[in-house]
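A.B. asks: There's a structure below that I have some questions on.
What follows draws every value from the coordinates through simple rules; no lab data is involved. Quick caveat: nothing in here was measured; it's all calculated off a predicted structure. Glycine gets a Cβ as well: all are built from the backbone with ideal geometry, and neighbour counts include every protein chain shown.
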Amino acid sequence: MKKVLIITYYWPPGAGAGVQRWLKFAKYLREFGWEPVIYTPANPESPEQDPSLLKDLPTGVQVIRRRIREPYRLFRWFTGQPAGSKFQPGFLNESDSPGIKHRLATWLRGNLFIPDARKWWVTPSVRFLSGWLPHHPVHALVSTGPPHSMHLIALHLKKKLGLPWLADFRDPWTQIDFYHKLMLSPAADRRHHVLEKRVLQSADQVVAVTRQNAESLARIAGREVVVVTNGFDPDDYEGLPGYDHKLFTITHLGSMNADRNPLALWKVLQELLEEDPRWKEFLRIRLIGKTDVSVQEAIRRNRLAGQTETIRYLPHDRALAEASRSALLLLPLNRVPHAGGIATGKLYEYLALDRPILCIGPPDGEAARIIEDTGAGSTADFEGEDRLGKVLKGHFEAFLQKQLVRPRADITAYSRRELAGRMAGLLDRVSNKTG
């Protein structure tokens with residue numbers, strides 16, 4: 001059994017999409033000849049906690065936890081936030097519009113903490129692992145980001161110890177959708193690009209989760225970038241409740257920031273409620289996860305508050321159970337220049353729930369292609385009110401007739417076990433090439 005050291009910021013009992021990818025790979029890698037060893041912070045700034053995820057840890061897996069120093073205590077004091085409050089990823093804002101202190105904190109984040117607020121964990125981690133690895137040899141390194149400081153740890157270990165290294169980009173670096181919001185100075189922008197290119201060209205293998213992200217990273221690196229998508233774990237779907245046809249429930253799982261706010265959907269739903277009283281009787285909107293203040297305001301403005309329930313957070317297993325009871329699963333993509341390349345981890349979990357998906361984003365984008373190929377639902381453009389109206393009316397009529405189903409398709413390629421096999425194959429190639 002070969003060993004791989006996985007350097008990751010996100011790990012159980014922390015929660016969120018950043019945890020799921022490598023937790024699930026670690027769960028299945030042993031089946032393909034690789035023993036995972038995890039290196040992760042002992043005290044990370046996790047937005048939420050989900051101890052139920054600990055059940056997926058392989059028996060006896062070694063998890064090395066080392067304390068990390070982060071600037072969030074200073075940020076809380078500076079911005080007047082209470083102790084213990086969590087910083088949200090993706091510029092999600094759950095309260096009033098941020099003031100000048102928040103904007104200044106954002107400027108500091110972008111210009112002083114390069115590549116991110118975990119930069120002070122790089123040097124102590126390299127020092128510790130440089131002494132630990134010679135006595136506990138591994139056959140390969142994996143770094144997964146963001147935060148991209150994890151890649152810098154692996155970069156230094158690669159230079160010092162010559163270990164084979166696979167860099168996994170769950171999201172882009174300088175091409176990420178909120179990069180322009182960091183208010184970067186020209187010098188800070190150059191520094192981000194220099195570090196990004198150094199990582200991309202130094203790793204023995206670079207992996208991305210979507211085609212467009214892979215193509216973007218490949219242009220920067222001048223080399224091949226392989227796609228290993230996100231996926232679903234069949235074990236998570238055993239014994240989930242089914243849809244009971246009592247309500248026409250539209251459910252969204254996960255955070256909904258301002259870029260994901262589906263304004264056209266709220267407008268169309270308001271019009272449908274005014275046209276047909278049956279919509280008011282049966283429609284329910286469930287937002288499970290952190291919801292930006294702009295989304296809350298749009299729902300109130302379109303007089304949908306009476307049909308809407310917001311649940312700030314549920315553990316992963318309970319969230320899937322709630323989604324499985326839904327008539328429609330809502331997948332709004334971020335309205336950003338690179339929206340066509342977005343295929344969130346949530347999409348693959350939606351596929352396995354076997355409920356119709358309503359995607360709002362580019363009809364020719366990557367998410368739309370996957371939904372079309374699997375017969376999983378429909379896609380409407382960000383401004384596609386006519387399309388949204390037709391799709392919603394069709395699903396609602398099917399609901400009234402208790403015929404709201406979707407065609408079943410083979411989604412085995414997106415199983416976490418299958419994807420772990422692909423990742424293990426890449427690790428085999430990297431370790432054999434440099435071994």
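A.B. asks: Would you mind checking the tilt of helix 186-202 against the longest principal axis of the Cα atoms of the chain, expressed as 0 to 90 degrees and rounded to 10?
C.D. replies: It is inclined by approximately 70 degrees.
A.B. asks: Can you tell which of ARG66, ARG190, ARG369 shows the greatest fluctuation in a Gaussian network model of the chain with Cα springs below 10 Å?
C.D. replies: Of ARG66, ARG190, ARG369, the most mobile in the Gaussian network model is ARG190.
A.B. asks: Lys and Arg at +1, Asp and Glu at -1: add these up for the other residues within a Cβ distance under 13 Å of GLY145 and post the number.
C.D. replies: 0
A.B. asks: To continue, here is another question. Just list whichever of LYS2/LYS290; LYS55/LYS181; LYS2/LYS119; LYS27/LYS390; LYS290/LYS433 have alpha carbons separated by over 32 Å in the model shown.
C.D. replies: LYS2/LYS290; LYS55/LYS181; LYS27/LYS390; LYS290/LYS433
A.B. asks: Any chance you could check the Cα centroid distance between the stretch 394-431 and the stretch 23-74 for me, in angstrom?
C.D. replies: 25 Å
A.B. asks: Among 221-233, 40-52, 322-334, how do they line up by average Cβ neighbours within 10 Å per residue, starting with the highest?
C.D. replies: 322-334, 221-233, 40-52
A.B. asks: Provide, in order from the shortest bin, the percent of all Cα-Cα pairs of the chain in each 10 Å bin, continuing until the bin that contains the maximum pair distance.
C.D. replies: Spelled out bin by bin, the chain gives 4, 21, 31, 26, 14, 4, 0, 0 percent.
A.B. asks: Under unit Cβ charges (Lys, Arg +1; Asp, Glu -1), what dipole magnitude, rounded to 20 debye, does the stretch 1-65 have relative to its Cα centre?
C.D. replies: Using only the charged Cβ atoms, the result is roughly 280 debye.
A.B. asks: Place the peptides 343-349, 112-118, 127-133 in order of packing, highest mean first, counting for every residue the other Cβ atoms within 10 Å and averaging per peptide.
C.D. replies: 343-349, 112-118, 127-133
A.B. asks: Before anything else, pin down the relative contact order of the chain: Cα pairs under 8 Å, at least 6 apart, normalised by residue count, whole percent.
C.D. replies: Contact order relative to length: 16 percent.
A.B. asks: From the residues SER125, ILE250, PRO41, which one has its Cα farthest along the dipole of the chain in the positive direction, the dipole being from +1 and -1 charges on Cβ of Lys/Arg and Asp/Glu about the Cα centre?
C.D. replies: SER125
A.B. asks: Something else now. With a ≥ b ≥ c taken as the square roots of the eigenvalues of the C-alpha gyration tensor of the stretch 234-400, please select rounded if a/c is under 1.5 and otherwise prolate if a/b is larger than b/c or oblate if it is not?
C.D. replies: Rounded shape, in that the Cα axes give a/c under 1.5.
A.B. asks: Another question, then. Could you compute the net charge surrounding ILE288? Neighbours are other residues with a C-beta less than 10 Å from the C-beta of ILE288; K and R count +1, D and E count -1.
C.D. replies: Net charge in that neighbourhood comes out at +2.
A.B. asks: Something else now. For the ranges 192-202, 146-156, 245-255, what's the packing order if you count other beta-carbon atoms within 10 Å of each residue, average per peptide, and put the highest first?
C.D. replies: 146-156, 245-255, 192-202
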